[in-house]
Amino acid sequence: MAGAAPQGPPQGSGQASGGSTGYRQIVGPLLLPTWAVIGVFLLLPVLLMGVYSFLTKEFRGGVIWDFTLAAYDQFFVTRGLFGDEPPQIEWTYIAIFWRSIWQAGVCTLICLIVGFPTAWFIATRPPAQRSVWLFLITVPYWVNLLIRTVSLKFLLRDNGPLNEGLMAIGLISDPLPLVNTNLAVQLGLFYSYLPFMVLPIYAAVERYNFALSEAAADLYATRWTILREIVLPVVKPGIVAGCILVFVPSLGAFLAPDLLGGAKTFMIGSLIDEQFKGSQGNWPFGAAVSMILMALVLLVLLVQARAAGKAGAR
């Protein structure tokens with residue numbers, strides 16, 4: 001209508017905008033300590049590790065500030081003892097990476113097989129009992145990881161309680177060689193990271209509506225059908241979170257391989273740890289292996305994120 005006064009912004013929009021601005025002005029400064037901690041204790045070490053991976057090894061330990069790709073070249077390629085032979089693929093370090101991926105994958109699978117029924121059992125207990133079961137799951141992990149791993153080695157050694165008990169009841173006549181084997185490393189990884197699988201799945205199962213299972217049973221669905229078609233899709237986020245929380249730290253673990261394994265069970269974490277020990281260590285190579293490991297972990301997380309995004313879009 002001609003001559004009508006122009007309409008202003010909707011009533012309350014200025015107040016909402018002002019409130020949002022005021023909220024940001026209050027919260028912004030409160031986040032500064034968090035960003036400082038992340039920057040100093042996360043981003044800065046990663047940045048330094050990335051820079052060190054491009055430096056040159058100093059003969060007596062440490063680094064020389066001469067940028068090169070020698071550390072990455074050492075990981076992927078070998079040129080003989082004196083470096084004058086034609087380049088060939090360095091299978092030694094690739095085999096260590098593959099062993100680590102295999103061990104982490106097996107650990108994740110075992111933790112899932114054991115952790116899912118455990119989480120389901122806890123989530124289906126009466127509310128008054130759940131806290132007790134969760135306490136029993138987590139209380140061993142109040143002890144330092146190093147102490148727990150050493151205790152496990154004491155349990156598995158030739159004259160340890162496990163072998164002595166088996167010989168006492170007549171199941172074996174000689175001690176089982178458990179220490180310095182892949183089995184011992186796998187037990188150490190499983191023992192270390194099982195709660196990381198149980199707790200996310202428990203949180204997902206606790207939110208599950210069990211009326212869905214009852215409705216499916218009324219429609220003559222079998223237990224396996226209910227589990228496959230109803231339960232697993234609902235609790236899948238907890239399963240995925242648990243698998244990531246177990247696989248990623250297992251991939252870079254070094255205490256279990258060092259204390260429970262030997263030369264044949266060398267994993268990525270042990271390889272990195274060796275490069276920063278004493279004056280004979282190779283800091284650039286250790287940093288390069290660390291960056292390769294981080295790239296592998298980020299690749300796993302990226303694949304999971306894309307899969308989750310596609311599932312959400314559907």
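The values are calculated or read from the model by the stated rules, or taken from the named source; none is laboratory data. Bear in mind the structure is a predicted one, so any value in this text is a computation, not a measurement. Glycine also receives a Cβ, built like all others from the backbone with ideal geometry; neighbour counts cover every protein chain displayed.
For the range 176-186, does any single residue satisfy the condition of being over 13 Å from PRO257 (Cβ atoms) and either assigned to a helix (DSSP H, G or I) or in contact with a Phe, Trp or Tyr (Cβ under 7 Å, 6 or more places away or on another chain) (or both)?
No.
Of these, PHE210, PHE154, PHE190, which one is at negative phi, modelled with pLDDT under 90 and of a type in the set (Phe, Trp, Tyr)?
Answer to the check: PHE210.
Listed here are the residues, each with its yes/no results for (1) among the hydrophobic types (A, V, I, L, M, F, W, C); (2) under 30 Å from ASP273 (Cβ atoms); (3) modelled with pLDDT under 85; (4) exposed (fewer than 10 other Cβ atoms within 10 Å of the Cβ).
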| residue | (1), (2), (3), (4) |
| --- | --- |
| PRO6 | no, no, yes, yes |
| PRO9 | no, no, yes, yes |
| GLY12 | no, no, yes, yes |
| GLY18 | no, no, yes, no |
| PRO29 | no, no, yes, yes |
| VAL37 | yes, yes, no, no |
| LEU44 | yes, yes, no, no |
| LEU48 | yes, yes, no, no |
| VAL51 | yes, yes, no, no |
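For the range 107-151, give me each residue that is under 18 Å from the mean Cα position of the chain (by Cα), modelled with pLDDT of 90 or more and among the aromatic types (Phe, Trp, Tyr).
Scanning the range 107-151 gives a single hit, PHE116.
Would you confirm whether any residue within the range 229-236 is surrounded by 22 or more Cβ atoms within 10 Å (Cβ to Cβ) and closer than 15 Å to MET197 by Cβ?
So far as the range 229-236 goes, yes, one or more of its residues are surrounded by 22 or more Cβ atoms within 10 Å (Cβ to Cβ) and closer than 15 Å to MET197 by Cβ.
Among the residues in the range 246-261, are any part of a helix (DSSP H, G or I) and within 22 Å of TRP120 (Cβ to Cβ)?
yes
Filter the range 133-148 down to residues that are without any contact (Cβ under 8 Å) to a residue 24 or more places away in the chain and surrounded by 11 or more Cβ atoms within 10 Å (Cβ to Cβ) and give me whichever is farthest from VAL235 (Cα to Cα).
Of everything passing the filter in the range 133-148, PRO140 is farthest from VAL235 (Cα to Cα).
Hey, among PRO127, PRO86, which residue is closer than 30 Å to ALA263 by Cα, exposed (fewer than 10 other Cβ atoms within 10 Å of the Cβ) and out of contact with any helix residue (DSSP H, G or I) (no Cβ under 7 Å at 6 or more places or on another chain)?
Matching residue, one of PRO127, PRO86: PRO86.
Which residues, taken from the range 55-90, are aliphatic (A, V, I, L, M), outside any helix (DSSP H, G or I) and within 34 Å of the chain's Cα centre (by Cα)?
LEU55, VAL63, ILE64, LEU69, VAL77, ILE89
Would you check which residues across the range 237-258 are closer than 18 Å to PHE276 by Cβ and surrounded by fewer than 22 Cβ atoms within 10 Å (Cβ to Cβ) and list them?
GLY252, PHE254, LEU255, ASP258
From the list TYR193, TYR208, which one is touching a helix residue (DSSP H, G or I) at 6+ places or on another chain (Cβ under 6 Å), within 17 Å of THR118 (Cβ to Cβ) and outside any helix (DSSP H, G or I)?
Answer to the selection: TYR208.
Looking at SER173, SER213, SER151, which is the one that is surrounded by fewer than 19 Cβ atoms within 10 Å (Cβ to Cβ), within 28 Å of PHE266 (Cα to Cα) and free of Cβ contacts under 8 Å to residues at least 40 places away in the same chain?
Being surrounded by fewer than 19 Cβ atoms within 10 Å (Cβ to Cβ), within 28 Å of PHE266 (Cα to Cα) and free of Cβ contacts under 8 Å to residues at least 40 places away in the same chain holds for just one of SER173, SER213, SER151, which is SER151.
Checking GLY62 against (1) surrounded by 11 or more Cβ atoms within 10 Å (Cβ to Cβ); (2) modelled with pLDDT of 85 or more; (3) more than 30 Å from LEU194 (Cα to Cα); (4) small (Gly, Ala, Ser), only one condition comes out false. Which one?
Checking GLY62 against (1) surrounded by 11 or more Cβ atoms within 10 Å (Cβ to Cβ); (2) modelled with pLDDT of 85 or more; (3) more than 30 Å from LEU194 (Cα to Cα); (4) small (Gly, Ala, Ser), the one that fails is (2).
Please count how many residues of the range 274-290 are outside any loop (DSSP other than H, G, I, E, B) and surrounded by fewer than 19 Cβ atoms within 10 Å (Cβ to Cβ).
Residues in the range 274-290 being outside any loop (DSSP other than H, G, I, E, B) and surrounded by fewer than 19 Cβ atoms within 10 Å (Cβ to Cβ): 1 in total.
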